[in-house]
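First up is the structure itself, then whatever we jot down about it.
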Amino acid sequence: MRTLRIAALTLGLLAVGAPAAGAACLRVGVYQDDPGRGMPALRKQVGPGLSAMSTYMTAGRPLSPAVIRTANRLRASLVVTWMPDAGRSGSAQPAYRLKAIAQGRYDRSLRALAGQLRGVRKGAVLRPMPEMNTPWHPWSGLANRNAPRDYAKAWTRVRKALRSGPGGSRVKLLWSPYARSIPNSGANALRAYFPGAKQVDLVGASGYNFGARPPLLWSEPGAVFGGAYAAIQALAPKPFWLAETGSGAAGGDKPGWIRTLATLRTTSMPKLAGVLWYDVRDRYGDFRLRGRPVTAAFRALLKGACR
């Protein structure tokens, strides 16, 4: 994942019913750097229920056919995060402003992508331009000489181009801001980026518990996602995904954090339809599903998962 986590860490400072109709089960997946090797090994540890694979791609470039082959071999659906940038992190990329997307720069490649995703046997989800309410992407609404209103125009163009490609009508689009806006201001509110309920198929948010690493505080799932869930469901009461999540272990109970995820649909998020775990160790934390207590907790999460 090419995301600037320095700004994301500021989020940690802020954190001190029956399943909905049509959401009979929870789809659970992971991002891994090498899913072809990692997912079979993880499945041996956690059992059945791991049914989705997350990947990232740079807009304008074709999706690697190997990714689709891996998803099909694993019998997994594929969630593709579409990133219009130069293939690197950082918002200061003038060539990749939202206006260029809205003017059709990626129309042809999006139509081609639709044709590729038609080959995913278990179905595909496209997650375009996520975390736009943060300062670290070239498509961020308050960076790179963008404006939040430009985001909705760009989204609408992406959707139209994808739908015009072969099989594009079968690809679901996931609208996914960060769980808390950075900065937390009226101009950067989630509603400023929403393209309209008819323009999205799925909604969600990304967010992490980085652990109790001063000056950060331990953040339970409800503290990370509760506000975003309420705000987004008010915009569109559609199936909700934790589109990118994970927990570190420093200063808290990582297995307990995962077990709490398994309760969200019946306690506070009845529309919760998907969870994508970031199964990676990076400079900001060890989010890997490693160790018997952690994998046992993840196994409990998978008990209610789609098979």
Query raised in the report: Fully extended, how many nm does the chain gain between ASP253 and ARG108 (0.36 nm per residue separation, minus their Cα-Cα distance)?
Result: 47.5 nm
Query raised in the report: What base-10 log of the normalised intensity I(q)/I(0) is obtained for segment 159-307 from the Debye formula, alpha carbons as equal point scatterers, at q = 0.11, 0.19 Å⁻¹?
Result: -0.47, -1.19
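Just need the Rg to Rh number for segment 23-124, please, alpha carbons only, Kirkwood Rh.
Dividing the radius of gyration by the Kirkwood radius yields 1.04.
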**Report entry** Three semi-axes of the equivalent ellipsoid, segment 235-307, Cα gyration tensor, whole Å, largest first
**Finding:** 22, 14, 11
Query raised in the report: From the cross-link list LYS160/LYS254; LYS44/LYS198; LYS99/LYS198, which pairs have alpha carbons spaced over 32 Å apart?
Result: LYS160/LYS254; LYS44/LYS198
Report task. Quick one: check the C-alpha center-to-center distance for segment 94-111 versus segment 35-62, whole angstrom. Result -> 28 Å
Query raised in the report: Which entry is the computed Kirkwood radius over Cα pairs in Å for this structure: [x] 22.1; [y] 19.3; [z] 20.6?
Result: [y]
Query - Least to most buried among GLU220, GLU244 (fewest other Cβ within 10 Å first) - result: GLU220, GLU244
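What is the gain in length, in nm to one decimal, between ALA296 and SER89 on full extension, counting 0.36 nm per residue of separation less the C-alpha to C-alpha distance?
71.1 nm
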Query raised in the report: For segment 158-163, what does the Karplus curve 6.51 cos²θ - 1.76 cosθ + 1.60, with θ = phi - 60°, yield as ³J(HN,Hα) per residue in whole Hz, taken in order and with x for Gly and Pro?
Result: 4, 4, 4, 5, 4, 5
**Report entry** Sites LYS153 and SER64, calculated FRET efficiency, Cβ-Cβ separation with R0 25 Å, nearest 0.05
**Finding:** 0.30
Requested in this report: Enumerate the calculated ³J(HN,Hα) couplings along segment 49-58 in order (Karplus 6.51 cos²θ - 1.76 cosθ + 1.60, θ = phi - 60°), each rounded to whole Hz, writing x wherever the residue is Gly or Pro.
Outcome: x, 7, 10, 9, 10, 9, 9, 10, 9, 7
Requested in this report: Give a quick list of trypsin sites (Lys or Arg not before Pro) in segment 239-303 that DSSP marks as loop, anything other than H, G, I, E or B, with at most 16 other Cβ atoms within 10 Å.
Outcome: ARG283, ARG290, LYS303
Query raised in the report: How far is it, in nm, from the label point at ALA197 to the one at LYS99 when both lie 7 Å from their Cα along the line to the Cβ?
Result: 3.3 nm
Query - Column: log10 I(q)/I(0), Debye, Cα scatterers of segment 76-147, q = 0.19, 0.27 Å⁻¹ - result: -0.79, -1.19
Requested in this report: For segment 137-177, list log₁₀ I(q)/I(0) at each q in 0.15, 0.23, 0.27 Å⁻¹, using the Debye formula over Cα point scatterers of equal strength and ignoring solvent, two decimals each.
Outcome: -0.43, -0.79, -0.92
**Report entry** In segment 145-204, chymotrypsin sites (Phe, Trp or Tyr not before Pro) in a DSSP loop with at most 16 other beta-carbon atoms within 10 Å
**Finding:** none
Query raised in the report: Relative to the compact globular guide of 2.2 N^0.38 Å, what is the alpha carbon radius of gyration of segment 45-182, as a ratio?
Result: 1.06
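Here, each number is a calculation from the coordinates, and none is a lab measurement. Note that the structure is predicted; figures quoted are calculated from it, not measured. Virtual Cβ from ideal backbone geometry, glycine too; neighbours counted across all protein chains shown.
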